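**Student:** Right, I'll just put the structure down here and ask away after.
The values are calculated or read from the model by the stated rules, or taken from the named source; none is laboratory data. The structure displayed is predicted, hence computed values, not measured ones. When we count neighbours, we look across all protein chains shown, and the Cβ atoms used for this are built from the backbone with ideal geometry, even at glycine. Ligands, DNA and RNA are excluded from the accessible area calculation, which covers all protein heavy atoms including side chains. Shrake-Rupley method; radii C 1.70, N 1.55, O 1.52, S 1.80 Å.
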Amino acid sequence: MPVARVVSALLAFIAALVVAWVGLPLLAPAYLILALVAIQEYSMMMKLRGIPVRRRSLWVATVLTLPAALPLSYPGMPALHEGISWRELLLGIFAIYLITLEVLKANRNSIYSAVFSLFGYLYIPYSFSYLITLRYTPDGSLGLWYMMLPLLGIVATDVGGYVFGSWLGRRPLAPRISPKKTLEGAIGGLLLAIAVISGAIYLIERYMQVSIDIYSTLLFAILVASAAQLGDLFESLLKRWVGVKDAGVFLPGQGGVLDRIDSILFAIPVAYFFISAFIIL
């Protein structure tokens with residue numbers, strides 16, 4: 001039912017709004033719980049393909065990524081080196097650790113383990129951590145607004161895609177990956193995201209004395225909506241490759257955490273880099 005889809009999306013957004021408003025005291029545990037469960041789901045999906053993933057190492061790296069994701073604008077966050085962030089340093093160390101581990105314990109699956117463990121880190125906790133970075137970029141006040149922009153865009157994309165797809169959908173968007181998604185739904189989600197994000201940016205300009213031109217607004221909305229849809233399709237591709245209906249493989253028939261955050265994993269980093277490069281000058 002479209003109404004149930006809209007209501008669930010709005011409830012999820014309200015919960016995200018509360019977490020974003022409170023900030024790190026709620027954002028940190030929410031990040032850890034969602035990322036750790038998503039890693040569990042990812043590792044179990046890889047197991048179905050016979051690929052061993054260093055799950056415990058990923059969990060440790062996820063916990064370490066939380067403080068590494070805090071920007072320098074966060075009170076008390078020390079600078080590492082000009083042009084290098086703590087998160088980038090952690091990524092390099094984790095990659096070297098995985099390679100060293102597989103070299104010391106070499107077996108027929110070592111290459112798969114190193115590659116898919118590192119990919120799992122980049123795909124889930126590393127990408128997801130930009131939600132924390134964006135919340136405090138450039139500061140705690142504007143960061144709240146900037147974090148809301150992609151979240152609003154993701155909800156609008158999802159709702160618009162479902163409603164317009166159910167109403168006007170005729171042409172399949174990616175039939176081999178997600179047969180129910182249509183080109184009309186994708187366009188509808190994009191248009192609704194543009195409208196919602198444009199309205200949100202108008203409020204930011206009015207109440208926060210920030211000036212964002214119309215071209216940046218449109219490009220931002222298009223990129224966020226496109227990234228959200230791409231994230232959803234990529235996770236569908238991953239599930240097709242593994243051979244499961246949903247990511248919550250430990251609870252068959254129930255949607256997993258990865259199914260819920262797949263759009264965020266792509267849209268949030270895109271939003272952060274765009275805002276940092278073209279809006280915060």
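**Student:** Quick check on my filter: what residues within segment 98-112 are part of a loop (DSSP other than H, G, I, E, B) and exposed (fewer than 13 other Cβ atoms within 10 Å of the Cβ)?
**Tutor:** Listed by number, the residues that qualify are LYS105, ALA106, ASN107, ARG108.
**Student:** What is the number of the single condition among (1) surrounded by fewer than 15 Cβ atoms within 10 Å (Cβ to Cβ); (2) at pLDDT 95 or above that LEU90 does not meet?
**Tutor:** (1)
**Student:** Sticking with this structure for a sec: Among ALA247, ALA277, which is the only one that is assigned to a helix (DSSP H, G or I) and modelled with pLDDT under 95?
**Tutor:** That would be ALA277, the only listed residue that is assigned to a helix (DSSP H, G or I) and modelled with pLDDT under 95.
**Student:** Here is a follow-up. Are there any pairs with C-beta distances below 6 angstrom linking a residue in segment 111-138 that is closer than 16 Å to MET77 by Cα to a residue that is open to solvent by 10 Å² or more (accessible area, probe 1.4 Å) and not in a helix (DSSP H, G or I), with the two at least 6 apart or on different chains, and if so which?
**Tutor:** As it stands, the answer is THR133/PRO71; TYR136/PRO71; TYR136/SER73; TYR136/TYR74; THR137/PRO71; PRO138/SER73; PRO138/ILE280, since those pairs meet every condition given.
**Student:** While we're here: Could you tell me how many of the residues in segment 205-223 are more than 27 Å from TYR162 (Cβ to Cβ), assigned to a helix (DSSP H, G or I) and in contact (Cβ under 8 Å) with a residue 24 or more places away in the chain?
**Tutor:** Residues meeting the conditions: 2.
**Student:** Look through ALA195, ALA200, ALA277 and report the one residue that is more than 16 Å from the chain's Cα centre (by Cα), in contact (Cβ under 8 Å) with a residue 24 or more places away in the chain, open to solvent by 30 Å² or more (accessible area, probe 1.4 Å) and at negative phi.
**Tutor:** Answer to the selection: ALA195.
**Student:** Working carefully through the options GLU235, GLU184, GLU205, find the one that is of a type in the set (D, E, K, R) and open to solvent by less than 20 Å² (accessible area, probe 1.4 Å).
**Tutor:** One residue alone meets the criteria, GLU235.
**Student:** Separate question: Could you say whether any residue in segment 67-81 is touching a residue at least 24 places away in the same chain (Cβ under 8 Å), assigned to a helix (DSSP H, G or I) and within 20 Å of TYR272 (Cα to Cα)?
**Tutor:** Yes: one or more hits.
**Student:** Further question on the same structure: Listed residues ALA61, ALA95, ALA69; which is of a type in the set (A, V, I, L, M), in contact with a Pro (Cβ under 7 Å, 6 or more places away or on another chain), surrounded by 15 or more Cβ atoms within 10 Å (Cβ to Cβ) and at pLDDT 95 or above?
**Tutor:** On the way: ALA95 fails: in contact with a Pro (Cβ under 7 Å, 6 or more places away or on another chain); ALA69 fails: in contact with a Pro (Cβ under 7 Å, 6 or more places away or on another chain).
Unique residue meeting the criteria: ALA61.
**Student:** Checking the condition open to solvent by 30 Å² or more (accessible area, probe 1.4 Å), touching a Gly at 6+ places or on another chain (Cβ under 8 Å) and small (Gly, Ala, Ser), which residue from GLY160, GLY140, GLY165 passes?
**Tutor:** It is GLY140.
**Student:** Check SER263, SER226, SER236 and return the single one that is under 20 Å from LEU122 (Cα atoms), touching a strand residue (DSSP E or B) at 6+ places or on another chain (Cβ under 9 Å), of a type in the set (Ser, Thr, Tyr) and part of a helix (DSSP H, G or I).
**Tutor:** None of the other options fit; the residue is SER236.
**Student:** With the requirement that a residue be of a type in the set (Lys, Arg) and either touching a residue at least 40 places away in the same chain (Cβ under 8 Å) or in contact with a Pro (Cβ under 6 Å, 6 or more places away or on another chain) (or both), what does segment 141-185 give you?
**Tutor:** Correct list: ARG176, LYS181.
**Student:** Something else now. Count, please, the residues in segment 41-56 that happen to be part of a helix (DSSP H, G or I) and crowded, with 20+ Cβ neighbours inside 10 Å.
**Tutor:** The qualifying residues number 5.
**Student:** Could you tell me whether any residue of segment 106-117 is on the phi < 0 side of the Ramachandran plot and within 19 Å of the chain's Cα centre (by Cα)?
**Tutor:** yes
**Student:** I'm trying to understand the selection: among the residues of segment 211-226, which are open to solvent by 10 Å² or more (accessible area, probe 1.4 Å) and among the hydrophobic types (A, V, I, L, M, F, W, C)?
**Tutor:** ILE212, ILE214, LEU218, LEU219, ILE222, LEU223
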